[in-house]
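The values are calculated or read from the model by the stated rules, or taken from the named source; none is laboratory data. These figures come from a predicted structure and were not determined experimentally. Neighbour counts run over all protein chains shown; Cβ positions are idealised from the backbone, glycine included. Side chains included, ligands, DNA and RNA excluded: accessible areas come from the protein's heavy atoms. Shrake-Rupley method; radii C 1.70, N 1.55, O 1.52, S 1.80 Å.
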Amino acid sequence: MATLLCVPIMVRSVESAHADAVVAREHGADLVEYRVDELFHGSEDEPLILRLVESSPLPCILTCRPTWEGGLYDGEDAARIALFERLGTADRPPRYLDVERAAYTRSANLRQKVNLAVEHPKQQRDLRTTLILSTHDFAGRPADLTRRMLAMGAEPAAGVHKVAFRARSLRDNLELFDLLAERTKPTIALGMGEFGLASRVLAPKFGGFLTFASLRPEETTAPGQPTLTDLLGTYRFREIGPATRVYGIVGWPVGHSMSPLVHNAGFSEVGHDGVYVPLPIASHEPGQGAAADAEATYASFKATMLELIHHPRLDFAGCSVTMPHKQNLVRLAREQGWSLDEASAQSRTANTLCIERSGDGSVAQASVANTDAAAALACLVGELGGLAGRRIGVLGAGGVARAIVFGLAGAGASVEIFNRSRPRAEAIAQDVSEAIPGVGPVGVEDWEARIGAEAEAFINCTSVGMTGGPAPDESPLPPDALARGNKLVMETVYHPVRTKLLSEAQDAGWRTIDGVEMFVGQGARQFELWTGVPAPCTLFRRLVREALQG
Ligand code: NAP
């Protein structure tokens, strides 16, 4: 059976809940969950709830979640029990009734009354309500998870098992997938919070009974819940099945990445059975000193990547890798003996992992590539023709600058790096001279020297001008620098598309290349490595521009 898509509605009035359920149906939901914990106070509210359920435009789950299980109902259990009994005799009862496992196990009275209201093997009457027995933990993975699952499994009246807990890391999703794979009844297994998104999106791959999606971003009933538009639009939820290959973006943070938007649409466009999800792997909290923190971050990256790659059912086929793990990827590849392309081997920074599998699902080959440099160089070549002998000024000396400087030097350009912290730029120049024999020296200048620099083109590889970055309203090239003749400037920042730098450079008569072009180029190369077919670049470009210019 296909995984259902359920919109939870926190009911504040029957009218607004009904209206939301109509919208949910129009937008493609299969089911709604009426959370009546706020509305229901006692028997006087029963008629309202019956009216809501009986007039529901979609089959519904009825839930009255008590405060002790993360809900808002703080009344007596006796009142809830009476409501459940009443629903059992309704002309049009709810399709599902959600009851917490803890209450069901603890109270013989509740158990007996609920059992009278739901269909189950020993039920005498012909009823149409199925019991969802649920357990939640908003703090983390419950220590007694196995015991809870066994306890639910021992209740014959439960038609569906539900477990939801706050995922502490990506690895918790893997345990949720295992629970689904080993289910004895239809099961909902979801991770809450930023780390749990994969469990929500990938539920159809593992035969999950349903996944929840909110109607609007501000109306989630659990942390990390995606919207209906996210699931049906971005993630192509209905196209995900058991054989779907899993891809994603590994980094921290990755919540606002544009990559899921383009790669999922691309997979659909070329008929590739894949889904691409955010795969957050957090940096270690600062505290033990820079070197120890970096080691701890690497340890977490390594452990998570190896679990993803070797999980027997995930079909993990590759990923994009972004900050702070680009150098970690090269280190892991070296340790594991994976192949590295020339760009990543030379620059020691990479953004792409490809996993090829044998017929039995085991890893046949893992390879690592850096597509940032090739994408940036292609943008420049489009404007300048060849790069040999061209004088290019690189602003910044972070991960992106490193990849681009290696690419430019390899193509024979004459490169000068301008960075706030000079030692970082010097390290790149030194590494280039050691890694690429015979290449001319890469120049290193103080940050201030960019103003009077002579170059045919400048590339902004700093995060200056980036929304949410350290200096969102600034430009890395002040007006004095732009006054010195008409040249070319290329942005790597793509959010916003039109940065202050691009805007001022255009006003000064310079030619410009915006950051979307490089973003599309690096993503397209990744897509081609994973799927073996050309990426739909026009589609990528349109989606990113529409999303950013909004
Ligand atoms: P990174 O490793 O953190 O490097 C950041 C760089 O910005 C460093 O050189 C840093 O200088 C400099 N910087 C930060 N704040 C500054 C300030 N206020 N004034 C001057 N310099 C400043 O980051 P990254 O991964 O290289 O990414 C850099 C940019 O590339 C980001 O904006 C990112 O969005 C963009 N990017 C674009 C694409 C694409 O496809 N278009 C792909 C990847 C990244 P210090 O060394 O002195 O700290």
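Among the residues of region 431-439, is any under 20 Å from residue 522 (Cα atoms), open to solvent by less than 10 Å² (accessible area, probe 1.4 Å), more than 11 Å from the ligand (Cβ to nearest atom) and modelled with pLDDT of 95 or more? Within region 431-439, not a single residue is under 20 Å from residue 522 (Cα atoms), open to solvent by less than 10 Å² (accessible area, probe 1.4 Å), more than 11 Å from the ligand (Cβ to nearest atom) and modelled with pLDDT of 95 or more.
Looking only at region 272-284, decide whether some residue is of a type outside the set (Asp, Glu), over 21 Å from the mean Cα position of the chain (by Cα) and not in a loop (DSSP other than H, G, I, E, B). No: region 272-284 contains no residue that is of a type outside the set (Asp, Glu), over 21 Å from the mean Cα position of the chain (by Cα) and not in a loop (DSSP other than H, G, I, E, B). Selection of region 315-330 for residues being part of a helix (DSSP H, G or I) and surrounded by fewer than 21 Cβ atoms within 10 Å (Cβ to Cβ) yields only 327. In region 449-473, the residues that are farther than 22 Å from residue 372 by Cα and of a type in the set (A, V, I, L, M, F, W, C) reach residues that are within 10 Å of the ligand (Cβ to nearest atom) and not in a loop (DSSP other than H, G, I, E, B) with C-beta atoms within less than 9 angstrom, at least six apart or across chains, in these pairs: 449/418; 453/418.
Could you identify the single residue in 110, 87, 127 that is open to solvent by less than 50 Å² (accessible area, probe 1.4 Å), aliphatic (A, V, I, L, M) and over 17 Å from residue 46 (Cβ atoms)?
Step by step, each of 110, 87, 127 is checked, and only 127 is open to solvent by less than 50 Å² (accessible area, probe 1.4 Å), aliphatic (A, V, I, L, M) and over 17 Å from residue 46 (Cβ atoms).
Examine region 479-489 for a residue that is at pLDDT 95 or above, under 29 Å from residue 537 (Cβ atoms) and assigned by TED's automatic domain parsing to the domain that holds residue 412, and state whether such a residue exists. Yes: one or more hits. Here residue 234 fulfils each of the conditions (1) within 28 Å of residue 120 (Cα to Cα); (2) surrounded by 18 or more Cβ atoms within 10 Å (Cβ to Cβ) apart from (1). In region 521-549, the qualifying residues are those that are not in a helix (DSSP H, G or I) and not hydrophobic (A, V, I, L, M, F, W, C), and the one that is most open to solvent (accessible area, probe 1.4 Å) is 534.
Only one of these is open to solvent by 10 Å² or more (accessible area, probe 1.4 Å) and either of a type in the set (Ser, Thr, Tyr) or not assigned by TED's automatic domain parsing to the domain that holds residue 257 (or both): 496, 476. Name it.
None of the others qualify; the one that does is 496.
In region 377-415, the qualifying residues are those that are among the charged types (D, E, K, R) and either within 14 Å of the ligand (Cβ to nearest atom) or under 35 Å from the mean Cα position of the chain (by Cα) (or both), and the one that is farthest from residue 501 (Cα to Cα) is 402. Residues that are within 10 Å of the ligand (Cβ to nearest atom) and in a loop (DSSP other than H, G, I, E, B) within region 444-471 comprise 461, 462, 463, 464, 465, 466, 467, 468, 469, 470, 471, listed in sequence order.
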